[in-house]
DNA sequence: CGCCCATTTGACAGCTTTCAAATCGCGTGG
DNA sequence: CCACGCGATTTGAAAGCTGTCAAATGGGCG
């Protein structure tokens, strides 16, 4: 009957690679926070805002993006339940991008000062958060390569593979079939393409039997072939690899 | 006459935003390390390698890159004296990209275990390294937007602006004129273009009076106009902004 | 049932790439 | 001091992937 503690997903995330002591765990759960529920499209943070909070995504999906000079949008990453979306706000003063809800989301806002104090008082927790940031960086690097050097078909297939594994890892489904809560326009903004071309690409992948689509759900017909088509090597997600001395 | 300590640049980097205590400083300088000098083109780390060391770049330039399925290369970031290039190696097990020397470089290799121990024993240093990682991430995000949503001219101009500010910040020159130690092919791999098109773009920027070139040195004729052409907002570099509670 | 947004589709334009070949820059050897 | 060699830079012409513009179709919701 006891509700699980609202920050449990954060603990799960941090303990995926690091073992925390009891005092560390208590300190994490003891973080002050404000719970919010936001509808799809609502902003969680806006580029240029003074960073006040870090944000734990407790349920739902969100995305980070930037608007460039000509007004077009580039999505930088997609986040799902358990992700700590704005850890950089703990140390950087100004948000350099926006974060928006993709679906209805439940979030916990944690004041930056508390995150800093936690890291200072509990180095093991600090290192776990640092590790999370490092993995974030690894995914960003893969996205640079994806939009910079792959053709449309490969980019889209790569993105579909990434979602499959991350959703599976987050316990939200299996890699063979999952919900893709994004419009084709949003997929286009992830891949640096146009929605028109994403549509053609998706249909091409479907025609070739690599995926099947139904509403917003994606079924991967042939994981091996989709991975090949997407030049996908999951190593950059660091799903398995633990940190150790 | 006393040689400056080889790890001094690391201290400079870490103390740019954070104030460290005397014990912290000593701990950083006390890090075990191996000094190396590598010629241009040599690998500092190869994708897939088991990560053993983090690497402080003491002088020279280096770049990180990935090779995608069709064999083409995407450069992920450029590094210059003072940068700590492979901090992610401290916590992640496997290198997900390669790092190569762009010029002759002097590096210091620091065992991952020592970095971890340092972060555990000196939380302030750990947080400074974390902050460095966060800024890295911010630059990666800007690069995603750059290759994903800007046209060739804008991408190249943006890159030139970034180099100008970063070299100035690193104390290697002034923003109005600096050495660009890269071939046009490498510039192409930074921007997701071909070297042919980079060449045309550079000439176009030059023809319009935004830059002048001489060998590998770049003079920025009109900083304002180049910044506009490159849709450049330096905020993402977090050059000024300090962390505070 | 009707509105609105997302998905599709077609024709055409255009930015970049590709493919080659010429020129340039510079260190090396005669 | 000049010729040679090789990688980098330039240039031109043509092809192609992706974007643009419009319009039709489809699906969910009040």
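Read-outs: derived from the displayed coordinates by stated rules, not from any lab. This structure is a prediction, so every number in the text was calculated from the model and none was measured. Cβ placement follows ideal geometry from the backbone for every residue including glycine, while neighbour counts extend to all protein chains displayed.
Descriptive notes on the structure:
- Ascending list, in nanometres, of distances separating the residue B:21 label from those of the other copies (7 Å, Cα toward Cβ): 1.7
- Above 21 Å, the calculated P(r) of segment B:8-125 contains 38 percent of its Cα-Cα pairs.
- Residue order, fewest to most surrounding Cβ atoms within 10 angstrom, among A:130, B:17: B:17, A:130
- Computed over the alpha carbons of segment A:62-179, Rg followed by Dmax gives 15.9, 48 Å.
- Selected from A:72, A:54, A:217 as most flexible by GNM, with chain A as the system and alpha-carbon contacts under 10 Å: A:72
- Principal-axis tilt of helix A:112-121 within chain A, Cα atoms, nearest 10 degrees: 70 degrees
- Take the Kirkwood radius over Cα pairs of chain A, plug it into Stokes-Einstein at 37 °C and 0.692 mPa s, and you get 175 µm²/s for translational diffusion.
- Against the main long axis of the alpha-carbon atoms of chain A, helix A:195-207 sits at an angle near 70°.
- Anisotropy class assigned to segment B:133-177 is oblate, per the alpha carbon gyration tensor with a/c at or over the 1.5 cut-off and a/b no larger than b/c.
- Choice from B:196, B:85, B:28 showing the highest fluctuation, given a GNM over chain B with Cα pairs closer than 10 Å: B:196
- Gaussian network model of chain A, Cα within-10 Å springs - most flexible of A:137, A:69, A:192: A:69
- Label 7 Å beyond Cα on the Cβ vector: residue B:169 copy-to-copy distances, nm: 2.8
- Pairs of Cα atoms farther than 16 Å apart, segment A:150-237, %: 48 percent
- When the Cα convex hull of segment A:54-121 is projected onto planes of every orientation, the mean area is 4.9 nm².
- Rounded to the nearest 500, the 222 nm mean residue ellipticity of chain B from helices alone is -12500 deg cm²/dmol, with -39,500 (n - 2.57) taken per DSSP H run of at least 4 residues.
- Scattering curve values for the protein assembly as shown, log₁₀ I(q)/I(0), Debye with Cα scatterers, q = 0.06 Å⁻¹: -0.26
- Placing a label point 7 Å from Cα along the Cα-to-Cβ direction at residue A:72 gives distances to the equivalent points in the other copies of 1.5 nm, listed shortest first.
- Between helix B:123-149 and chain B: long-axis angle, C-alpha atoms, 0 to 90°, nearest 10: 20 degrees
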